[in-house]
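Worksheet: one structure, shown below.
Derivation of every value follows stated rules applied to the coordinates shown; laboratory data play no part. Nothing here was measured: the structure is a model prediction, and the numbers come from that model. Neighbour counts run over all protein chains shown; Cβ positions are idealised from the backbone, glycine included.
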Amino acid sequence: MTTRIIACVVVAVSASFAPADDAEIKKTAKAKAEETQNALLKGDYDKLVDLTHPKIVEEMGGRKKMIEGITASVKDMKSKGFTFKSVSVGDSSDSVKTGKELYIIVPFALQMAAPSGRLHTKGALVGVSSDGGKTWAFADATPGREALKKLLPGLPEAIVFPKKEAPTFVKD
């Protein structure tokens, strides 16, 4: 009887120290990725930079320069008749652990208004978490694995980048 009680206590204690299950990790990563995309749509570049991986922010010249760059790019797009309209975020991939970091891919589909139509494009974010999936920082997957590995050297080969697709244009 005592052995059973000890076994139950060991199982209960072990479970309390177990990392969050992958379903919860994926759910949290998707929610944070949605925050990044919604920040872009709303023009909340402070929030967008807060959710961007620090190495990317550093590569862009720091927080202030990154915000200035995003603002200038969006202004230029708008002057040419392009505006962000909507985004949908897909389900996250399984997470992959490398050292103390978790990596995950979160796909998205972005719709933009364009002169005389709409532009649809698909992409993905690479999420990185250093706290077991509770918080996430993101990098755009567009540059590809090799370019991102220079900034995120722990990026595991097991992370599968989605196949790049050309944007599609729908005429109004």
Debye log10 I(q)/I(0) for the chain, one point scatterer per Cα, at q = 0.09, 0.10 Å⁻¹: -0.38, -0.45
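Working from the pairwise distances between different alpha carbons, so that the mean of 1/r is found and then inverted, what is segment 51-131's Kirkwood radius in Å?
Details: mean 1/r = 0.0673 Å⁻¹.
In segment 51-131 this quantity evaluates to 14.9 Å.
Which of the peptides 95-106, 117-128, 41-52 is most tightly packed, and how do the rest follow, judged by the mean count of other Cβ atoms within 10 Å per residue? All intermediate terms of the calculation are to be shown ahead of the outcome.
Details: 95-106: 18.6, 117-128: 20.3, 41-52: 16.3.
Answer by packing, highest mean first, reads 117-128, 95-106, 41-52.
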Estimated 222 nm signal from helices in the chain, with DSSP H stretches of n ≥ 4 weighted -39500 (n - 2.57), rounded to 500: -13000 deg cm²/dmol
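From Cα pairs below 8 angstrom and at least 6 apart in sequence, can you work out the relative contact order of segment 84-171, rounded to a whole percent? Numbers along the way, then the final one.
Details: 174 pairs, mean separation 25.7, N = 88.
The normalised contact order for segment 84-171 reaches 29 percent.
Taking only C-alpha pairs under 8 Å that are 6+ residues apart, what is the relative contact order of the chain in percent?
On the way: 275 pairs, mean separation 37.8, N = 172.
Relative contact order of the chain: 22 percent.
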On a full-extension model of 0.36 nm per residue, what is the gain between LYS55 and LYS42, subtracting their alpha-carbon distance, rounded to one decimal in nm? 2.3 nm
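In debye, nearest 20, what is the charge dipole magnitude of the chain about its Cα centre with +1 on Lys and Arg Cβ and -1 on Asp and Glu Cβ, if you could check? Before the final figure, lay out the partial values.
Values: 26 positive and 21 negative charges, 71 e Å.
Dipole of the chain, to the nearest 20 debye: 340 debye.
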Pseudo-spin-label distance THR142 to GLU34, built 7 Å along Cα→Cβ, given in nm, is 2.3 nm
